[in-house]
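Below are the structure tokens for one structure; questions will follow.
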Amino acid sequence: MMRYLLAIGLLLSLLGCDSNTPSTKTILNNTSEDDAMTLALSSPPESAEYLAAKRFVELVDEKTQGEVKIRFVESSSRVSDREMVAAVQKGLLDFTITPTSRLSYIAPDMQLFDLPFLFEDEAAVDRVFDSSAAKLLLSKLDIQGLVGLSLWRGGFKQLMTTSPLEAPEDFQQRRFKIMESPLLREQFKLWGGATVPIAARHTENAFQKEAIDGQEDTIANMAGINVENANVLITNHGYVSFVVAMSLKSHNALSPTNRKAVRAAAKEATAYQYELANQQHAQALDTLKSKATVSNASSTLTRWLKDESDTLLERYRQRLGTAMVEQILQARENWAEPHPEKILVALDADLSGNSANSGLSIRRGIELAIDEINAQGGLLGKEVALVARDNSMIPSRGLDNLETFAELPNLIGVFSGISSPVVLAQLDYIHHKKVLMLAPWAAATPIIDNTKSPNYVFRVSVRDEYAAEFLLNGALEISDNVGLLLVNNGWGRSNYKGLTEALDKRNLSASHIEWFNWGERDFSSKVDRLIKKGADVVIYVGNPVEGEKFVSELAQRVSPPSVISHWGITGSDFAQKASVALERVDLRVLQTFSFIDNNDAEVSDLAKRYHLRYSTSEPTEIVAPSGTAHAYDLMNMLATATTRAGKVDMTRIRNEMQKIDKHSGLMKNYIKPFANGNQDALERSDYIFARYQNGALYPVGSKNTSKNTASNEKTRPMENAP
């Protein structure tokens, strides 16, 4: 029997919550009893969503060659979006078109689109909606019993109030109607207003009853209601996005051919919806101007709104997923000409992979430095901005990112991330294109000792040649029976060279050496061999995923060897995943800096600004602090070199980097950090060991102060970061 696609007509109720909503049976009261599919849509018949849905109906019929048909029927108007979504999840309805904010209770990462000032214009919206990041976001609905087919435009949100909004104090004690979303509630709280989630059909009445003083909504929706003494402030502060979603059960019940046809119909209907949305916005604006006072927000008020809501992205970053946030931010950028009026600094790092926290820590160090620089007038008379691209520790992706950055005319430097193999793969291109590279984490010795002249790479980080001595000394304090467990890539081989040379100097040899590949999961045989060969302590050089597997395997042994680890494990959630194993394994990790128990005035001041900007409260919450400290110092030295160069010219800036005589940094007072061909700013005496306690790294002991005393360098305890 032919399966029909049955579309419910108009479900006009946009309730903000589920209290007192009817059961799902109400939705289906007027549907036919044949074997049919249903489309649920809460939208007036003249809206772009409704008209595009009709086109979708026609396209499905056409592309399935009549195997799936659509007819409209009447339905209850007392049904909320949330209840319709629940019905689609259960397979009682087959499709729904609903605002992303209405999905926040089952798919929190959908709140990404509710972030204020996420989009600058419709072109930025299109870039994100058409991106692989958006497809990934939609695919996450599968675990909620939904199939995300596409994203539709709702339009930029503006503010409508019954008295003018001219200054920040005008938000105080105002009650704004919003769509139900925790993020939107916090947005208005930051602005000083209160919020009331009200269904769209009740908005006009709520104004009349003075239950609300204002609302945020699109021009199209505002034009559809009559509000006495209405003032509309054009802010473009947010964006309404719709999801076209299908029941996973219904999707799986279709033949593969018809599934493909439905997706193709959704894609074509999406393009049609975009056209309609643009047309209707212009018409709605004319209508709105005839019934309300419409004005543009002042630049001062707009800046205040942005500044007050800036913390929301970071406050929600972990809930939304830092990987998803970074992918959306990357997709949003116009890479043909990002921020043409600003001086640019770029970041190429792992921002969405297993070591995403390393990239996040570097980002935050750069941002904190840029905040200071811009507060002092920027560089060369221009504001400085950061652009970032994810490499997921894949060398080919890092090269692609570097090629994109190299084409930016206002670029002064590129910061690298945690992965040494990525940077090593970029060296030829860096020097061919004369791109200035700043390395705040990647530790392989050949990154700096790269045989290139002139050398365009400058590092404030660990150097494996020095790290080898430090790691070995730490291991020998435990036992002379030292085993090595090394990742089989450029970084691991760099450490192998340094460690074997350090052992040779002491007339020692490793008890046993094991190599592992990136992504390896079973370490049982490697652990068995290390223990059998008599290793009482193992030096581990690798990243967090493999590190967690290794330590967990080690913890199952009766008397597990101690572990001296390079800092590659610290750029992730290693401590959380390995928390049980760490109770049995003595693990000490190489670090360079810590905010914990650090009473230095400059460090304390930066920690306060970190907490304010990123919604943290304790030093233990600062992600991978060494990455932040290194990037912060490097960015400030880059700013000094750029000012002295006098123009955006990476060759001139490189030359000025080498001439820096002194720099008072977060890590220490640097004395000629890049002089005489040595472009590694840190020394052996800048390293410490740290231990995990309750998921945070606490420094072990204190730094050697002999070098600091000789060169008037600051003495500070240190922590996190490879």
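The values are calculated or read from the model by the stated rules, or taken from the named source; none is laboratory data. Bear in mind the structure is a predicted one, so any value in this text is a computation, not a measurement. Note that each Cβ is placed from the backbone with ideal geometry, even for glycine, and that neighbours are counted across all protein chains shown. The protein model used for the area step is the full one, side chains on, heavy atoms only, and it has no ligands, DNA or RNA in it. Shrake-Rupley method; radii C 1.70, N 1.55, O 1.52, S 1.80 Å.
Going through the range 641-655 one residue at a time, which ones are out of contact with any Ser or Thr (no Cβ under 6 Å at 6 or more places or on another chain) and crowded, with 18+ Cβ neighbours inside 10 Å?
Within the range 641-655, 641, 642, 645, 648, 650, 654 qualify.
Right, next: Among (1) open to solvent by 40 Å² or more (accessible area, probe 1.4 Å); (2) assigned to a strand (DSSP E or B), which single condition is residue 239 missing?
Among (1) open to solvent by 40 Å² or more (accessible area, probe 1.4 Å); (2) assigned to a strand (DSSP E or B), the lone unmet condition for residue 239 is (1).
Filter the range 242-265 down to the residues that are among the hydrophobic types (A, V, I, L, M, F, W, C) and open to solvent by 60 Å² or more (accessible area, probe 1.4 Å) and list them by number.
253
Could you check how many residues of the range 560-601 are over 21 Å from residue 539 (Cβ atoms), among the polar types (S, T, N, Q) and open to solvent by less than 30 Å² (accessible area, probe 1.4 Å)?
2
Just to be sure, is residue 516 within 24 Å of residue 446 (Cα to Cα) and surrounded by fewer than 24 Cβ atoms within 10 Å (Cβ to Cβ)?
Judged against the criteria, residue 516 is a match.
Pairs please, first residue from the range 388-403 and within 12 Å of residue 419 (Cβ to Cβ) and hydrophobic (A, V, I, L, M, F, W, C), second anywhere and modelled with pLDDT under 95 and part of a helix (DSSP H, G or I), Cβ atoms under 8 Å, 6+ apart in sequence or on different chains.
393/421
Among (1) in a helix (DSSP H, G or I); (2) of a type outside the set (Lys, Arg); (3) within 15 Å of residue 369 (Cα to Cα); (4) out of contact with any Leu (no Cβ under 7 Å at 6 or more places or on another chain), which single condition is residue 663 missing?
Against the list (1) in a helix (DSSP H, G or I); (2) of a type outside the set (Lys, Arg); (3) within 15 Å of residue 369 (Cα to Cα); (4) out of contact with any Leu (no Cβ under 7 Å at 6 or more places or on another chain), residue 663 comes up short only on (1).
Working only within the range 540-559, note down all residues that are surrounded by 20 or more Cβ atoms within 10 Å (Cβ to Cβ) and not in a helix (DSSP H, G or I).
540, 541, 542, 543
Could I ask something else about it? Residue under question is residue 420, and the condition is that it be at pLDDT below 95 and touching a strand residue (DSSP E or B) at 6+ places or on another chain (Cβ under 6 Å); does it hold?
When the stated conditions are applied, residue 420 does not pass them.
Quickly run through the range 242-281 and pick out the residues that are in a strand (DSSP E or B) and not hydroxyl-bearing (Ser, Thr, Tyr).
Of everything in the range 242-281, those that are in a strand (DSSP E or B) and not hydroxyl-bearing (Ser, Thr, Tyr) turn out to be 242, 243, 244, 245, 246.
Is it the case that the range 390-401 has a residue that's over 11 Å from the mean Cα position of the chain (by Cα), buried (at least 24 other Cβ atoms within 10 Å of the Cβ) and among the small types (Gly, Ala, Ser)?
yes
Would you check which residues across the range 434-456 are of a type in the set (Val, Ile, Thr) and over 20 Å from residue 494 (Cα atoms) and list them?
435
Moving to a separate point now. I need the full set of residues from the range 108-128 which are closer than 20 Å to residue 335 by Cβ, part of a helix (DSSP H, G or I) and either polar (S, T, N, Q) or open to solvent by 20 Å² or more (accessible area, probe 1.4 Å) (or both), in order please.
122, 123, 126, 127
Also, quick follow-up: For the range 366-380, give me the residue count where each residue is among the charged types (D, E, K, R) and closer than 15 Å to residue 307 by Cβ.
Selection size over the range 366-380: 2.
Would you confirm, using the coordinates I've provided, whether residue 195 is in contact with a strand residue (DSSP E or B) (Cβ under 8 Å, 6 or more places away or on another chain) and more than 30 Å from residue 615 (Cα to Cα)?
no
List, please: which pairs have Cβ atoms under 6 Å, are six or more places apart or on different chains, and start with a residue in the range 523-534 that is on the phi > 0 side of the Ramachandran plot and end with one that is open to solvent by less than 70 Å² (accessible area, probe 1.4 Å)?
534/481; 534/511
Additional query: Of the numbered conditions (1) of a type in the set (Lys, Arg); (2) buried (at least 21 other Cβ atoms within 10 Å of the Cβ); (3) closer than 22 Å to residue 385 by Cα, residue 609 fails exactly one; give the number of that condition.
(2)
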